[in-house]
1. Looking only at the range B:271-285, count every residue that is assigned to a helix (DSSP H, G or I) and surrounded by fewer than 19 Cβ atoms within 10 Å (Cβ to Cβ) and tell me the total.
2. Could you tell me whether any residue of the range B:236-245 is within 13 Å of chain A (Cβ to nearest Cβ), surrounded by fewer than 20 Cβ atoms within 10 Å (Cβ to Cβ), within 26 Å of the chain's Cα centre (by Cα) and touching a residue at least 24 places away in the same chain (Cβ under 8 Å)?
3. Do any strands (runs of 3 or more DSSP E) entirely within the range A:35-108 hold 2 or more residues that are away from chain B (no Cβ under 12 Å), and if so, which?
4. Applying the selection to the range B:205-233, what residues are more than 7 Å from chain A (Cβ to nearest Cβ), under 29 Å from the mean Cα position of the chain (by Cα) and either surrounded by fewer than 23 Cβ atoms within 10 Å (Cβ to Cβ) or without any contact (Cβ under 8 Å) to a residue 12 or more places away in the chain (or both)?
5. For residue A:152, state whether it is more than 16 Å from residue B:217 (Cβ to Cβ) and either at pLDDT 90 or above or in contact with a strand residue (DSSP E or B) (Cβ under 9 Å, 6 or more places away or on another chain) (or both).
6. Looking at (1) surrounded by 23 or more Cβ atoms within 10 Å (Cβ to Cβ); (2) touching a strand residue (DSSP E or B) at 6+ places or on another chain (Cβ under 8 Å); (3) under 24 Å from residue A:16 (Cα atoms), find the lone condition where residue A:250 falls short.
7. Only one residue in B:97, B:37, B:25 is modelled with pLDDT of 80 or more, assigned to a helix (DSSP H, G or I) and more than 22 Å from residue B:249 (Cβ to Cβ). Which one?
8. From B:106, B:125, which residue is assigned by TED's automatic domain parsing to the domain that holds residue B:259, over 27 Å from the mean Cα position of the chain (by Cα) and surrounded by 12 or more Cβ atoms within 10 Å (Cβ to Cβ)?
C-alpha cells in the first residue's frame, strides 16, 4: 500500500491519521468506507474536514475516538497517532482513558445525542464524577461553570432541565459543555451546526472558535458546508469516497482549488456577485462504496477526466505551498481558474 | 399532572358506573326465577317467597324495577356494603379472605417475571445472536404458545405429583411454599412477554445516538449499559409490568382453579358456576376499580419515567 505524501513532515503532530482503512461488512457485501485517509492536526489549530454525506468524514472521526460499531465497522489498516503513539495498537481500556480527557467529540443532532431521560446537569457532571472523581457538590459547581462558559443563560437554574426543554442551539451548547468537561486537547465537532437555524449556526461557530482560542484546543471541524468553514478553519481536507482528495490552507483552497471535486463544490455555492445564472452542480452521484470505480473514484463525475483517470488511482501531488491534490491534473485544475 | 390525575379519576367514575351497570344487567338478565335459583331444587313456600321478594326488591318489575335494584345496589356499594352472596355470606368478607391470597400469588408471579424475565431480556440483548439469545427465544415462544390451562396441570403433575418438589394443591390458608409453583406458572406468561419486550427495547437503545455520546465521554461499558441504556429501555417494560400487575391482582381463574387456591379468581369462578349473581357482580365491581387504578398508576409512572411525556 503506498503511503501518500503528507504536506508536513511526520512526527511532532498532536494528532495524525495515517493511511487509515475502514470497511463496513454488511449482509449485502463489504463497503470500503475509508480508503487511506491521511491528515494531521497540530496544537491549537483548526482543521476542517469537508465532504458530502457518505464520504467518510464521520467514520474517520469515530475511528479516532474508537467508538465505531464493530460489527459492522472494521479498521483494516493504518495508524492513528496521538502524541506520537498509535491509538489503534492500544487496548480498549487505554483508549477509553483517552476519550473525553484527551480527545472529545460533539455530534450533529444534540437532541438524539443527549440522553433523553437524564437532566443536562447530570449528563455534564457525569464525566466529572465518573472520570475525574469529583464529589457531587464539586461536579455541580464545575457543571455550572461549564454551562456559563458555553453561554447558557441562567445556567444554575437549568441544571435540572432535560434535553427536550432546550432549544436546538442551547442543546448543542450543552453538548459542547459536556465535551469540554475534562479539558480535552482535541475537540472533534461532527457537523455541529447542521441541525440548526442559520443564525444559531453562526453563534455556535463563533462559540467554538472562541473556546478553541481561549482553551488552546485543537479543533477538527467536520462539515459539508463550505460557508461554515471559511471563517474558522486554518486548513481544509476535502474528502471523497473515503479519501482525502485535496488538502490545503483555507485561503489557497478558496482562491484556486486544485481538485475538480473541490472546484465543483465551490462553484455550487450560491454567490451574490453572480446573480441570475443557473447554479452549477456536480453531475452524477457519489460512488457506491461497495463498488468504487476503478482508477480515480471521481472520474465518472469529473469534467477533466481522461483515459489515465480510468486506469490509475491518482496519488497525492504536492503543489506549491505544500498543498496536495489527488488528481492527475492537479496543476491544470489549479491554473484553470476561469470556471 | 395534578389536573391529569383529577380528570382521569372523573373518567374512572364514569367507567365504573358503566361497567357495573353492564355486569349487573348481564348477570340478572339471563336469570329465570331468582328466588328458585336461590333455593335450588327445594320447594319455596309462599311466606319465604314473599320475604325474599321484599328483601331483594323483586316486586318492582321491568326496566324501572331493574334500575331501582341497580341504584339500590350502588347505594350499598358506595357505603362499602357489597351485599350478601346467595349462600348468605357477606361478599365483603369473602373478598377480604380471598384478596390477600391473590395478592400474594400476584407478587410471586411478578417477582418471577422481573427477576428472570427482565434480567434474561437484558442479557439476551447484550449478547444478541448468541447461544443465550437463541435459547431464550425458543423457550419464550414455547411458553407463549402453551395456554395456562395446559401448562398449569402439566406443572402440577410433574412438579407436584410425579416429583413432589412443590405441594400439588394449596387449599385454605395457603403457605408461601404452596403458592410458589402456581406463582411461577402464572408468572411464566408475563415472564416470556417481559423478556421479549426487554430484549427488543435494550437492543434498540444500544443503537441509540446517546450511547455513542456516552462512549465518547469515556464511560465504562458497564455504566453505559447499566445506567444509560437500562434507564431508557425500562420505560416500556415498566409500563407493561404495571398493566400486568393489575391483571394479576384481579385474580387468575385458571391457575387458582387448578391449584385449588381460594383467591379472587377462584371465588369469581365459583360465583359464575353457581349463578351467584350478587357474588359475581360484587367481585367484578371491585375488580373494575382495581384495574382502573392500576392503569392510572401506570400512566402516572410513565410520565415519571419518561420526562418527555407531559400530561395536560
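1. To start, the set of residues in the range B:271-285 that are assigned to a helix (DSSP H, G or I) comprises B:271-273, B:277-285.
With surrounded by fewer than 19 Cβ atoms within 10 Å (Cβ to Cβ) added as a condition, the list becomes B:272-273.
Number satisfying all stated conditions: 2.
2. Let us first name the residues in the range B:236-245 that are within 13 Å of chain A (Cβ to nearest Cβ), namely B:236, B:238.
Then drop every residue that is not surrounded by fewer than 20 Cβ atoms within 10 Å (Cβ to Cβ), which leaves B:236, B:238.
Add one more test, that the residue is within 26 Å of the chain's Cα centre (by Cα), and what stays is B:236, B:238.
Still in the running and touching a residue at least 24 places away in the same chain (Cβ under 8 Å): B:236, B:238.
Taking every residue of the range B:236-245 in turn, at least one turns out to be within 13 Å of chain A (Cβ to nearest Cβ), surrounded by fewer than 20 Cβ atoms within 10 Å (Cβ to Cβ), within 26 Å of the chain's Cα centre (by Cα) and touching a residue at least 24 places away in the same chain (Cβ under 8 Å).
3. Working: elements: A:46-50, A:73-82, A:103-106.
Once the strands (runs of 3 or more DSSP E) in the range A:35-108 are filtered for at least 2 residues that are away from chain B (no Cβ under 12 Å), what remains is A:46-50, A:73-82.
4. B:230
5. Numbers: more than 16 Å from residue B:217 (Cβ to Cβ): yes; either at pLDDT 90 or above or in contact with a strand residue (DSSP E or B) (Cβ under 9 Å, 6 or more places away or on another chain) (or both): yes.
Against the criterion (more than 16 Å from residue B:217 (Cβ to Cβ) and either at pLDDT 90 or above or in contact with a strand residue (DSSP E or B) (Cβ under 9 Å, 6 or more places away or on another chain) (or both)), residue A:152 qualifies.
6. Condition not satisfied by residue A:250: (1).
7. On the way: B:97 fails: more than 22 Å from residue B:249 (Cβ to Cβ); B:37 fails: modelled with pLDDT of 80 or more.
Result: B:25 is the single residue among B:97, B:37, B:25 that is modelled with pLDDT of 80 or more, assigned to a helix (DSSP H, G or I) and more than 22 Å from residue B:249 (Cβ to Cβ).
8. Numbers: B:106 fails: over 27 Å from the mean Cα position of the chain (by Cα).
Selected residue: B:125, the only one of B:106, B:125 that is assigned by TED's automatic domain parsing to the domain that holds residue B:259, over 27 Å from the mean Cα position of the chain (by Cα) and surrounded by 12 or more Cβ atoms within 10 Å (Cβ to Cβ).
The values are calculated or read from the model by the stated rules, or taken from the named source; none is laboratory data. Quick caveat, the model's predicted, so the values are computed rather than measured. Virtual Cβ from ideal backbone geometry, glycine too; neighbours counted across all protein chains shown.
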